[in-house]
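Everything on this sheet refers to the single structure shown next.
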Amino acid sequence: MCHIGAGDQGLRVRIRQVTPEDWSEVIRIGKESFDYITNPGTFFLERMLKYYFFVAETDGEVVGFIDMEALSPDTASVTGLAVKKNWRGKGIGKTLLKFGVRFLRAMGFKKIRIMTLRTNSPALRLYESVGFKSVSKKGDVVFLELDL
Ligand SMILES: CC(C)(COP(=O)(O)OP(=O)(O)OC[C@H]1O[C@@H](n2cnc3c(N)ncnc32)[C@H](O)[C@@H]1OP(=O)(O)O)[C@@H](O)C(=O)NCCC(=O)NCCS
């Protein structure tokens with residue numbers, strides 16, 4: 001499955017399924033995006049193998065990824081979304097998330113859940129801009145949902 005989207009100012013963003021060759025780049029982006037992950041090599045390899053995992057490319061460079069998993073036959077979760085630091089603010093995160101929503105809808109899911117930190121305003125604004133609503137909070141964590 002491959003999707004061509006447009007980021008800001010006509011930026012061409014190609015979204016495709018992850019391959020083993022993407023592993024080192026995914027780890028690099030994962031490390032700079034989630035500094036609390038202690039063993040990124042194992043962490044992202046497991047996700048690449050078990051989850052619905054897609055990367056975004058511009059001009060052949062991997063610039064971000066989204067990973068998702070089924071929680072039940074009706075509900076899926078976006079478990080990870082990250083864009084390379086120097087490519088942020090160009091619409092790539094939104095292109096990835098909109099792709100993820102379309103993908104999960106096409107897979108037959110009825111609801112998507114996401115959780116993020118209360119302090120992560122870029123992520124919260126992004127989720128809200130795509131229609132996710134905050135449904136609960138626990139400590140520093142905000143839980144959001146989107147009905148498909
Ligand atoms: C969250 C993240 C994926 C956003 O990716 P991005 O490509 O920079 O986002 P986009 O350029 O597509 O922006 C989409 C929307 O997100 C919001 N947004 C993005 N960056 C923002 C910032 N620094 N401050 C506030 N809002 C921001 C805006 O609403 C923006 O829409 P607008 O430009 O129309 O206002 C990126 O910041 C990232 O990788 N962060 C580290 C990892 C992370 O926190 N992931 C999410 C938690 S799992």
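Bear in mind these aren't lab numbers, they're just calculated from the coordinates by the rules spelled out. All of these numbers come straight from a predicted model, not from anything done at the bench. Using ideal geometry, Cβ is built from the backbone for each residue, glycine included, and neighbour counts are taken over all protein chains shown.
Does any residue of the stretch 68-84 turn out to be more than 11 Å from the ligand (Cβ to nearest atom) and over 21 Å from ILE114 (Cβ atoms)? No, that holds for no residue.
Please go through the stretch 71-88 and give me each residue that is closer than 16 Å to ARG125 by Cα, among the hydrophobic types (A, V, I, L, M, F, W, C) and free of Cβ contacts under 8 Å to residues at least 40 places away in the same chain, ordered by number.
Let us first name the residues in the stretch 71-88 that are closer than 16 Å to ARG125 by Cα, namely 78, 80-83, 88.
Restricting the remaining residues to those that are among the hydrophobic types (A, V, I, L, M, F, W, C) gives 78, 81-83.
Correct list: VAL78 only.
Among the residues of the stretch 45-60, is there at least one that is under 21 Å from ASN86 (Cα atoms) and among the polar types (S, T, N, Q)?
Here is the first cut: in the stretch 45-60, the residues under 21 Å from ASN86 (Cα atoms) are 54-60.
Add one more test, that the residue is among the polar types (S, T, N, Q), and what stays is 58.
So far as the stretch 45-60 goes, yes, one or more of its residues are under 21 Å from ASN86 (Cα atoms) and among the polar types (S, T, N, Q).
Kindly establish whether VAL141 is farther than 17 Å from ARG12 by Cα and buried (at least 17 other Cβ atoms within 10 Å of the Cβ). So VAL141 fails the test. When GLY91 is tested against (1) more than 17 Å from TYR127 (Cβ to Cβ); (2) within 11 Å of the ligand (Cβ to nearest atom); (3) touching a helix residue (DSSP H, G or I) at 6+ places or on another chain (Cβ under 9 Å), exactly one condition is not met: (1). Of all the residues in the stretch 109-148, those that are within 11 Å of the ligand (Cβ to nearest atom) and small (Gly, Ala, Ser) number 3. Applying a threshold of 6 Å to beta carbon distances and a minimum spacing of six or more residues, or different chains, the list of pairs starting in the stretch 105-130 at a residue that is outside any helix (DSSP H, G or I) and ending at one that is near the ligand (Cβ under 8 Å from one of its atoms) reads ILE114/VAL78; THR116/ALA123; VAL130/LEU97. Here is the figure for the stretch 27-57: residues that are within 11 Å of the ligand (Cβ to nearest atom) and either in contact (Cβ under 8 Å) with a residue 12 or more places away in the chain or crowded, with 18+ Cβ neighbours inside 10 Å (or both) total 6.
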